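Heads up: the structure comes next, in structure tokens.
The values are calculated or read from the model by the stated rules, or taken from the named source; none is laboratory data. Fair warning: this is a prediction, and the values are worked out from it, not measured in the lab. Methodologically, a virtual Cβ is constructed for each residue, glycine included, from the backbone with ideal geometry; neighbour enumeration extends over all protein chains shown.
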Amino acid sequence: MAPVTTLAVLLRGYNYGDSSRILRFYTREHGLLSVVAKGVRGRSGKGAATLSSFATGELSAYVKPQRDLHTMKDFHCTRLREELGQEVLRFAGASAAAELVLVHAEAERQREVFEALETALDGLAQAQPLSLPATALASLWTITEAFGFAPQLEPCVRCDTPLDADEVGRFDFGAGGIRCNSCGHDMAGPRVGPVARAQLAALLVGDLPQDFTHARQHLALVSDFIAYHVASKPLKSLRFLGGLLPETPVGPDND
């Protein structure tokens, strides 16, 4: 059997037996792929380092149809992204992005998801420290959007009325977007005012809002959206990420 070769990002690895590892890759051509890397735990030096989480490279593997676990032939690393392991917030953001892909991706090609994941990890590796909270949140939203799930910011998800520039709405997770003030006055969803709405619109396309605030509130929003529409339960990594984000007082002037 000839091996298949594809660009791949290593998301997670587990020890297997005395000398091997099970590695979970997200690949450009085959989606999520789990492989056995035989004997790699006996390696040392550069070759072992390249099999680190969040590395991108060219994966060669023997892939058999109808099987969940395949055999790795080789992995040639092209981007190690060592920066992600040198600062806890970078690592937490990358771990959250990886978990999001792991819980929803399947063994089928979704190139837009692969590109979103690559862009997210590169952004987290290269971001300035002060922009890391926004970068981490943008990575979650852009990957979620690549899977085909994105919130509707306007018009109102219930009555289709455009929101006024200064209007404070409510986020309706079941409907997947924001209700206007009239439709949302009797519901318990989080308030989303004009500032938060503009910041959310920027994050959805991978941009970093200026004067970004309320990182924890934004994380709660994307976490609940992912749990409702993508993963069926909260991602464990988001709880850890939330503990690292700066706190911002919540008040009527901060919507």
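In the range 194-217, is there at least one residue being among the charged types (D, E, K, R), surrounded by 15 or more Cβ atoms within 10 Å (Cβ to Cβ) and without any contact (Cβ under 8 Å) to a residue 40 or more places away in the chain?
So far as the range 194-217 goes, yes, one or more of its residues are among the charged types (D, E, K, R), surrounded by 15 or more Cβ atoms within 10 Å (Cβ to Cβ) and without any contact (Cβ under 8 Å) to a residue 40 or more places away in the chain.
Quick check on the range 4-33: of everything there that is at pLDDT 95 or above and in a loop (DSSP other than H, G, I, E, B), which residue is nearest to the chain's Cα centre (by Cα)?
ARG28
Condition check ((1) aliphatic (A, V, I, L, M); (2) not assigned by TED's automatic domain parsing to the domain that holds ALA196) across all residues:
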residue: TYR62; (1), (2): no, yes
residue: ARG67; (1), (2): no, yes
residue: ARG109; (1), (2): no, no
residue: LEU117; (1), (2): yes, no
residue: PRO133; (1), (2): no, no
residue: PHE149; (1), (2): no, no
residue: GLN152; (1), (2): no, no
residue: LEU163; (1), (2): yes, no
residue: VAL168; (1), (2): yes, no
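Taking the range 57-104, which residues are surrounded by fewer than 16 Cβ atoms within 10 Å (Cβ to Cβ) and on the phi > 0 side of the Ramachandran plot?
GLN66
How many residues are in contact with a helix residue (DSSP H, G or I) (Cβ under 6 Å, 6 or more places away or on another chain), over 17 Å from LEU124 (Cα atoms) and in contact (Cβ under 8 Å) with a residue 60 or more places away in the chain when one looks only at the range 227-245?
The total comes to 3.
If the requirement is being modelled with pLDDT of 95 or more, more than 21 Å from ALA134 (Cβ to Cβ) and assigned to a helix (DSSP H, G or I), which of these qualifies: LEU102, LEU84?
Answer to the check: LEU102.
Six or more apart or on different chains, Cβ under 6 Å: which pairs go from a residue in the range 97-109 that's touching a residue at least 40 places away in the same chain (Cβ under 8 Å) to one that's in a loop (DSSP other than H, G, I, E, B) and surrounded by 14 or more Cβ atoms within 10 Å (Cβ to Cβ)? Could you list them?
Close Cβ pairs satisfying both conditions: GLU99/LEU235; HIS104/PHE147; ARG109/GLU29.
Looking only at the range 148-166, count every residue that is touching a helix residue (DSSP H, G or I) at 6+ places or on another chain (Cβ under 7 Å) and crowded, with 20+ Cβ neighbours inside 10 Å and tell me the total.
2
Can you name the condition, by its number, that VAL36 falls short on among (1) in a strand (DSSP E or B); (2) of a type in the set (A, V, I, L, M, F, W, C); (3) free of Cβ contacts under 8 Å to residues at least 24 places away in the same chain?
With (1) in a strand (DSSP E or B); (2) of a type in the set (A, V, I, L, M, F, W, C); (3) free of Cβ contacts under 8 Å to residues at least 24 places away in the same chain applied to VAL36, the lone miss is (3).
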